[in-house]
Every structure is written in C-alpha cells, then in structure tokens.
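The values are calculated or read from the model by the stated rules, or taken from the named source; none is laboratory data. It should be emphasised that the depicted structure is a prediction, and the values quoted were computed from it without experimental measurement. Counting neighbours? That spans all protein chains shown, and the Cβs are built from the backbone with ideal geometry, glycine included. Note: accessible area is taken over every heavy atom of the protein model, side chains too, but ligands, DNA and RNA are not part of it. Shrake-Rupley method; radii C 1.70, N 1.55, O 1.52, S 1.80 Å.
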2 protein chains.
Amino acid sequence: MESEAVILALAALAQSTRLDVFRLLVSREPAGVPAGEIARELAVPANTMSAHLSVLTRAGLVRSERRSRSIIYRADLEHFRSVATFLLKDCCGGRPEVCAPLVADLTPCCPPKEPAHG
Amino acid sequence: MESEAVILALAALAQSTRLDVFRLLVSREPAGVPAGEIARELAVPANTMSAHLSVLTRAGLVRSERRSRSIIYRADLEHFRSVATFLLKDCCGGRPEVCAPLVADLTPCCPPKEPAHG
DNA sequence: TCCATAATTCCAGACTTATAGAATTATAAT
DNA sequence: ATTATAATTCTATAAGTCTGGAATTATGGA
C-alpha cells in the first residue's frame, strides 16, 4: 500500500455522503446494493450519487458489477483493511502504546484466532 | 466520537504534506517539534506550513504549546486512535472478518496485554 | 528602544470538489 | 420500433482548498 493510495481513500471517506455510502455498503455485505437504491436510501439525486460512487471506486473502496439493468455496488473490505493497516502501522511501529488499546478494544468483537498466515 | 469529527480528521490526513507532518510528529513523540523545524524538514514555506498545522489542529490531530519564541507541535495520539476505532468499529460490528486479520497483523507489534479497562 | 527570530494572519490567484439539471447510454419488456 | 427503467456522462455554478508573497504579532537579547 502506497501513501498515495491511502490519501485517495482518506479523501474519499472524508465526505459525509460518501462515508454514509461506505457504511451502508459494509452493512450490506456480501449482497451489495444497486446504485439507485443507494441514492434512494440516502436521499441523494441519482447523478450526484453516481459521482460519489465514482470517487469511491477510484479510491478502491468499492467495486461494481452490472446485473441486468442495475449496477450492484459492494464494499471492498480488503482494501479498506489495508488502508487501516497502513495508517496504524505507521504509529504502531514507533508507538506501541497507540495500538495496544485499539487492539484491546477491537479484540472482543473479533474471533480470537491465531495470528494470520498470509 | 461523532462522524463529523471523523470526517474532519480524514480530510486533514488526506493531503500529502499534512500526512507527512502527522507521521513526523508521531515519530517524534513525546518531545514534539517546533513549527519552523517542521517546515524546514519537509521543505515547505513557513506560512504554508502554518496553514496545514492549523488544519491538523482543527481536526484534533495535533496540539501546540508555546515555548519561548517557538511553538511546539505534538501528535494527539489518543484522538488519532479514537478516529481509527470509530472507523473500524463500524465494519467490525457487522463484519468481524474485516478486523480479525487487522488485529492479528497489529498484535505482534503491540504488547499482548489483557483487554482494556476504560 | 532597536533589532532579530519564530510564527501567524491577510490576501489573491490557481485549482479542485460538490451539486444537480439535461442529455445520453444500456438493458429489458411489449 | 416503442416505451420504461437504471445508471452514467455532460455541463455549469457555487463553494472550498492549496499555495506563497507581504504584512503582522509575539518573544527575547543588546
């Protein structure tokens, strides 16, 4: 993950409509949501929403796939996680005390598996 | 942590000079760095840097304190962590599989304490 | 007081982003 | 072919951001 990709992702999420879109898509994984329904649920005109979805796509945070007349959008959770990792590693590397409480906070909601093998 | 505060923080970090500043300040904790030295190290004019520092301050990511003629800037790691927590909790709540690998990735660099007590 | 240093604020120009109406493209049903 | 639905692209406007020169404020030393 390069820092330019991180900046793109941060900029994409630093806008209320787009943050709402991403949260909606995360909550609707893995089914995804058609563009029109996203626009309807968030009460934003379809063309405006299309512009926002394009920003999220360029940032790598969402992917889309046509299904008949609809275009289904889904959150790219792996990309999101790699952005978070980049950001946290930066401070974690030098400052373990930053990440320790965060890990402690996150651990209860995540299955206590053994360390990743990838 | 409200979502408006998160958007402010994301917007502040979604700019290369400011991301560099924040990384520099994280690496220089807890001593901090005077404004002029930040500008010099990142090769940015003092007034331009001042504008960036002001954005980071409004976003709650840095704090400053005058020491004689210098103004010392420091990263606010707690605020940064609460931004990260907000973002991750959102996906963690619905999608544990997102956070599990991240926690696994972060754990090795952080002391394996028992869960937080705050 | 006078000067030097450190940082900020003021200001203007160039650039980018957010928004949405109108037009267009793509798909499917009749 | 015609019509309807779903989404995007075109275009324009309003608003916001990034940048840095010039002026200003704050501090400290001679």
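Assorted remarks:
- In segment B:52-96, the residues that are basic (Lys, Arg) and facing another protein chain (nearest Cβ under 8 Å): B:ARG81, B:LYS89, B:ARG95
- Residue under evaluation A:ARG23, criteria (1) open to solvent by less than 40 Å² (accessible area, probe 1.4 Å); (2) touching an Asp or Glu at 6+ places or on another chain (Cβ under 6 Å); (3) away from DNA strand D (no atom under 14 Å from the Cβ), criterion not met: (1)
- Residue match in segment B:110-118 (condition: open to solvent by 20 Å² or more (accessible area, probe 1.4 Å) and either at pLDDT 95 or above or assigned to a helix (DSSP H, G or I) (or both)): no
- Selection status of B:THR17, more than 8 Å from chain A (Cβ to nearest Cβ), out of contact with any strand residue (DSSP E or B) (no Cβ under 7 Å at 6 or more places or on another chain) and either buried (at least 20 other Cβ atoms within 10 Å of the Cβ) or over 20 Å from A:ALA14 (Cβ atoms) (or both): no
- Residue that is nearest to DNA strand D (Cβ to nearest atom) [pool: residues in segment B:81-96 that are over 21 Å from the mean Cα position of the chain (by Cα) and surrounded by fewer than 17 Cβ atoms within 10 Å (Cβ to Cβ)]: B:GLY94
- In segment A:30-41, the residue that is most open to solvent (accessible area, probe 1.4 Å) out of those that are out of contact with any Leu (no Cβ under 7 Å at 6 or more places or on another chain) and of a type outside the set (Gly, Ala, Ser) is A:ARG40.
- Count of residues meeting criterion [under 24 Å from B:CYS92 (Cβ atoms), part of a helix (DSSP H, G or I) and more than 13 Å from every other protein chain (Cβ to nearest Cβ)] in segment A:20-51: 2
- Note on segment A:54-80: among residues that are surrounded by 21 or more Cβ atoms within 10 Å (Cβ to Cβ) and in a helix (DSSP H, G or I), the one that is modelled with the highest pLDDT is A:LEU56.
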